[in-house]
Structure formats: C-alpha cells, structure tokens
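Participant: Before I ask anything, let me first share the structure, which is written out below as structure tokens.
The values are calculated or read from the model by the stated rules, or taken from the named source; none is laboratory data. Given the structure is predicted, the values throughout are model-derived calculations rather than measurements. Every residue, glycine as well, gets a Cβ built from its backbone with ideal geometry; the counts of neighbours run over all protein chains shown.
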Amino acid sequence: MGAYASVNIVSKRLQEAPLYLTATSRIHELTPEERAVYATLTPARLPEHVAIIMDGNGRWAGLRSLKRFLGHQQGAKSVQLVTETASRIGLPWLTLYAFSLENNLRRPRAEVAFLMRLLRSYLESNLQRMMDNNVRIQYIGRTHDLPPEVQDKMQWASEATARNTGTTLTLALNYGARSEMVDAFKGLAMEMQRRGISPERITEEDIHRHLYTAHMPDPDLLIRTSGEMRISNYLLWQIAYAEIFVTDRFWPDFRGIHLLEAIAAYQRRERRYGGLGEAEREDQVVEDVNEEARTAG
C-alpha cells in the first residue's frame, strides 16, 4: 500500500469515527510525583486509547521467592492503581491483556482456577472504586468459554458501571488476536451470505465492524512490561499504527506514574501512518524545487 493511500484510510477512519465520551480530568488527585510528570505533557495530545500487555507477574514473584499467585495478586493491585491514574487524566480508553486464550489452554489448571477466582474477587472488591472514579468496565475475548460464575460476576460489574462516562477499562479475557480475526471473518462471511455481497467488495471497514473492538478506536499507544520484545497475539489488527513502549519493569511494580512516563515518551514521537515525517517532507520539498530548477535550466 502506498504512503498516501495509508494516510487516506486513517484520515477516513478518523472522520467517520463516532464521538466518544471523554472523562473529566481530575489532575488534582494525582500524587505529587505524578503531577510532576503530567506537567511535562501536552494535554491536548494525550492518546485516546492505551493498550497494555501486563507481563511479569510470575517472574516478579520468583525473584522474591514467592508463590506465583502472589505475583498475580500484586498485579491485580496494579490494574486498579493504573486505571485510577488513567481516569484522573481523562484517558478515554484503557485496554488490558488480562488473560489470554493461550493462558487458558496451556497454564496449569490450578493456576487458571486461581486466576478466575482472582478476577471475581477483583470485580467485587473494586466495584466501588470504579464507581468513585467514573470508570466503565467492559470485556473482549471468547468470554462465553469462561466459567458461568465468572461470567455472571463480569456482567454484574459491567451493568453496574454502564452509566459511568469516564475511562472505559476493557479487560481482554480468554482473548487471542488470531481467534478474534477468525470470529470476525466468520461473522463477515455470514453477513456476505445474508446480503449477497461479493468478495471483491470487502473493505477494511467491513472487517473492522466484526472485530471485538468495533466500538472503540484503535490503540494509539501499546505498552508492554517485563522487557519482552513481542506482541503475544494481542490486538494484531488494531495496533497497525500504534506506538510501542517497552519497559523492563514487571507489571506488579507498574504504577500510574509509569503510565504517565510512557505517555511522555509517546508525545515525543512523530506519528507518520506510513507517510513522511516533518523533516522528510521538508527535504522532499527542497529536492522537488531543485529538480524543477534543473529541469527549467
């Protein structure tokens, strides 16, 4: 795809995107350390959507000679603290990779069962804090394969926070990007059959409509903790133009201030969407002028 075609597609998506409710910022609730980092940011250039691969719970526990479940418990605490900072700065969308399809298939059953209990406990114990912070909670993934009692608790929390208008916290549960694409293609195929649409007419927007994330904007910033340099089957379609920030810090040690530091790094970058950067455009203009002068001569 050419650079201009890429830019046109992105511009078209931005123009057609629905208007999202934006959280009211509560900067005064940040810690002094967080406010110091926030002061370096340009509020008008905050990312609309931040996605995080929360990695390192087990290694965090192992380095402290603790059981893995204690790492997961500490990781759940990080979820709430980071979400609260996101809500205070008015971040509209925060999506966390909480439990992958591969986790469900490949982790020991005892660990999976503990993670399900931890999820239920997290929703129960943090619902009031979500309400106090105007946070709305949603989910993506093959959640219908989770235990019924977990699904019930998820629905309870989602319904309780549905009227909140601040940060939308989305937990990716029993999620895998390839399985998401399979589900999207199945949905699109059924639509094509029902409406008699020929394959030649399929567009990127048609696929986008059938993704789990069709109701939200694509991530602007993808954060990965624990220093691993891989995407781990997370939002593969949606992060096509996301800026990536990797930290060596394990997720249980990740806090709101580290989210702000990642956003600061994001704001220092120039997003190109397949086009030229500012300096490159200026060089191209000079080159074009020189070429015209040589041709005229």
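Participant: Restricting attention to region 66-77, does a residue exist that is within 26 Å of M216 (Cα to Cα) and of a type outside the set (G, A, S)?
Facilitator: Yes: region 66-77 contains one or more residues that are within 26 Å of M216 (Cα to Cα) and of a type outside the set (G, A, S).
Participant: Given the options P47, P108, P92, name the one that is more than 28 Å from R269 (Cβ to Cβ) and not acidic (D, E).
Facilitator: P108
Participant: Follow-up question, since we're still on this one. Specify the residue that is surrounded by the fewest Cβ atoms within 10 Å (Cβ to Cβ); the eligible residues are those in region 62-82 that are of a type in the set (G, A, S) and either assigned to a loop (DSSP other than H, G, I, E, B) or in contact (Cβ under 8 Å) with a residue 60 or more places away in the chain (or both).
Facilitator: Checked region 62-82; the qualifying residue surrounded by the fewest Cβ atoms within 10 Å (Cβ to Cβ) is S65.
Participant: Moving on. So which of T161, T168 is touching a residue at least 40 places away in the same chain (Cβ under 8 Å) and of a type in the set (S, T, Y)?
Facilitator: Matching residue, one of T161, T168: T168.
Participant: Does F250 meet the test of being of a type in the set (F, W, Y), at pLDDT 95 or above and more than 17 Å from the chain's Cα centre (by Cα)?
Facilitator: In short, yes.
Participant: Something else now. I want to confirm something. Restricting to region 157-184 and keeping residues that are in contact with a helix residue (DSSP H, G or I) (Cβ under 7 Å, 6 or more places away or on another chain) and assigned to a helix (DSSP H, G or I), which single residue is surrounded by the most Cβ atoms within 10 Å (Cβ to Cβ)?
Facilitator: The qualifying residue surrounded by the most Cβ atoms within 10 Å (Cβ to Cβ) is A157.
Participant: So, in region 85-114, of the ones that are part of a helix (DSSP H, G or I) and crowded, with 23+ Cβ neighbours inside 10 Å, which residue ends up nearest to the chain's Cα centre (by Cα)?
Facilitator: The qualifying residue nearest to the chain's Cα centre (by Cα) is A86.
Participant: Given the criteria under 21 Å from D55 (Cβ atoms) and free of Cβ contacts under 8 Å to residues at least 24 places away in the same chain, does R255 qualify?
Facilitator: Answer is no for this residue.
Participant: Can you give me the number of residues within region 29-52 that are surrounded by 14 or more Cβ atoms within 10 Å (Cβ to Cβ), out of contact with any Ser or Thr (no Cβ under 6 Å at 6 or more places or on another chain) and not in a loop (DSSP other than H, G, I, E, B)?
Facilitator: Residues in region 29-52 being surrounded by 14 or more Cβ atoms within 10 Å (Cβ to Cβ), out of contact with any Ser or Thr (no Cβ under 6 Å at 6 or more places or on another chain) and not in a loop (DSSP other than H, G, I, E, B): 8 in total.
Let's see how each residue does on (1) farther than 19 Å from D183 by Cα; (2) free of Cβ contacts under 8 Å to residues at least 24 places away in the same chain; (3) in a loop (DSSP other than H, G, I, E, B):
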residue	(1), (2), (3)
D218	no, no, yes
Q238	no, no, yes
Y241	yes, no, yes
I244	yes, yes, no
L260	yes, no, no
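Participant: If a residue has to be within 21 Å of Q267 (Cβ to Cβ), within 12 Å of the chain's Cα centre (by Cα) and in a loop (DSSP other than H, G, I, E, B) to count, how many in region 220-234 make the cut?
Facilitator: 1
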